[in-house]
Ligand code: HEC
Ligand code: HEC
Ligand code: HEC
Ligand code: HEC
């Protein structure tokens, strides 16, 4: 029997690499979506699918046509940094094609305000925080007298919050 080639282990290694390489290419070919954009690396169909999704949020301008007075007031006050739909929910649940379709969400509880204004060391110091002790937020004498249930709305208006 002839002695095996001294390089036979290399041939076997080469064979394994070729099989794995071909396998990789086959799986890649199978798994890549047809609309894959190789120039910018995204799935082309994703753009069409995203554009076809129904509108949920309309943005602040979508409220302006029907709520001119509120929008005008809000625009000049500190809460202009908070979008209408943050507090009132998305426009799809309220108005469609120029008509009111359902009652808009309103939350007048303390929790709604404290969501953003509860004093905490994780908030920037300059952010207005609801403070009783004044350790982080500004000490507000009126707050010091407060119990745990008095609604914030007793003194603050949501669209014009500075008392
Ligand atoms: C910080 C939360 C918040 C933001 C931001 C906000 N609202 Fe309000 N909104 C409220 C609350 C709370 C009430 C209920 C006030 C009450 O009845 O005392 C209210 C009431 C209303 C009402 C019904 C009563 C009224 O005052 O006319 C309308 C309409 C309204 N908001 C529209 C808007 C629009 C439009 C925007 C954006 C331009 C907006 N809101 C931004 C919290 C907010
Ligand atoms: C096609 C007109 C229209 C649009 C657009 C519209 N609303 Fe209204 N909205 C109304 C009408 C009509 C009422 C009831 C009368 C009133 O309070 O002025 C109302 C009432 C409200 C109320 C009081 C609760 C209620 O439903 O009665 C809030 C809060 C409100 N709208 C918020 C918004 C916000 C926020 C937007 C934008 C995302 C918006 N609205 C867009 C027509 C509209
Ligand atoms: C989604 C977050 C959010 C909610 C909810 C919210 N606020 Fe604000 N609030 C803000 C932001 C942002 C500002 C502007 C801060 C700034 O100008 O640096 C602000 C400003 C204020 C100010 C003005 C402070 C000053 O002197 O400049 C007061 C007062 C206030 N909010 C009270 C309230 C009350 C009361 C409620 C409940 C009805 C409420 N906020 C709900 C985010 C919120
Ligand atoms: C009894 C009236 C009263 C009540 C109730 C009240 N506040 Fe105030 N709040 C004030 C006054 C007065 C100021 C001080 C305004 C100033 O000095 O510029 C103030 C200031 C603030 C500020 C601004 C603080 C800063 O650093 O500039 C925030 C935020 C605030 N309040 C949030 C709230 C929240 C949230 C609630 C409900 C949990 C609430 N307030 C309840 C009277 C009240």
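Conditions tested, residue by residue: (1) closer than 22 Å to residue 70 by Cα; (2) in the same structural domain as residue 80 (by TED's automatic domain parsing); (3) surrounded by fewer than 12 Cβ atoms within 10 Å (Cβ to Cβ).
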site: 98; (1), (2), (3): yes, yes, yes
site: 116; (1), (2), (3): yes, no, no
site: 121; (1), (2), (3): no, no, yes
site: 124; (1), (2), (3): no, no, yes
site: 133; (1), (2), (3): no, no, yes
site: 143; (1), (2), (3): no, no, no
site: 146; (1), (2), (3): no, no, no
site: 149; (1), (2), (3): no, no, yes
site: 156; (1), (2), (3): yes, no, no
Discussion item. Can you list residue pairs whose Cβ atoms sit under 8 Å apart, with the first residue in segment 51-76 being more than 13 Å from residue 93 (Cβ to Cβ) and the second being at pLDDT 95 or above and within 16 Å of ligand 4 (Cβ to nearest atom)? Count only pairs 6 or more apart in sequence or on different chains.
Written reply: 70/159; 73/159; 73/160; 74/80; 74/159; 74/160
Worksheet item: Is it the case that some residue within segment 22-45 is farther than 20 Å from residue 161 by Cβ, under 25 Å from the mean Cα position of the chain (by Cα) and in a helix (DSSP H, G or I)?
Response: yes
Practice prompt. Identify, by number, the condition in (1) free of Cβ contacts under 8 Å to residues at least 40 places away in the same chain; (2) part of a loop (DSSP other than H, G, I, E, B); (3) on the phi < 0 side of the Ramachandran plot that residue 85 doesn't meet.
Written response: (2)
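Quick one: in segment 129-141, of everything that is assigned to a loop (DSSP other than H, G, I, E, B) and closer than 18 Å to residue 115 by Cβ, which residue is modelled with the highest pLDDT?
The selected residue is 129.
Matching residues to (1) away from ligand 2 (no atom under 16 Å from the Cβ); (2) in contact with a helix residue (DSSP H, G or I) (Cβ under 6 Å, 6 or more places away or on another chain); (3) outside any helix (DSSP H, G or I); (4) over 30 Å from residue 55 (Cβ atoms):
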site: 105; (1), (2), (3), (4): no, yes, yes, no
site: 108; (1), (2), (3), (4): no, yes, yes, no
site: 121; (1), (2), (3), (4): yes, no, yes, yes
site: 127; (1), (2), (3), (4): yes, no, yes, yes
site: 143; (1), (2), (3), (4): yes, no, no, yes
site: 148; (1), (2), (3), (4): yes, no, yes, yes
site: 153; (1), (2), (3), (4): no, no, no, yes
Response to the item:
Within segment 88-103, of all residues that are closer than 21 Å to residue 151 by Cβ and in a loop (DSSP other than H, G, I, E, B), the one farthest from ligand 2 (Cβ to nearest atom) is 89
Discussion item. Can you report the number of residues in segment 62-82 which are within 17 Å of residue 98 (Cα to Cα), more than 8 Å from ligand 1 (Cβ to nearest atom) and assigned to a helix (DSSP H, G or I)?
Written reply: 2
Worksheet item: Are any residues in segment 72-116 within 15 Å of ligand 4 (Cβ to nearest atom) and touching a strand residue (DSSP E or B) at 6+ places or on another chain (Cβ under 8 Å), and if so, which ones?
Response: 113, 114
Discussion item. Quick test for you: out of 113, 84, pick the one residue that is modelled with pLDDT of 95 or more and away from ligand 2 (no atom under 13 Å from the Cβ).
Written reply: 113
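The values are calculated or read from the model by the stated rules, or taken from the named source; none is laboratory data. Keep in mind that what you see is a predicted model, and the values were worked out from it rather than measured. Because the Cβ atoms are built from the backbone with ideal geometry, glycine has one as well, and the counts that use them run over all protein chains shown.
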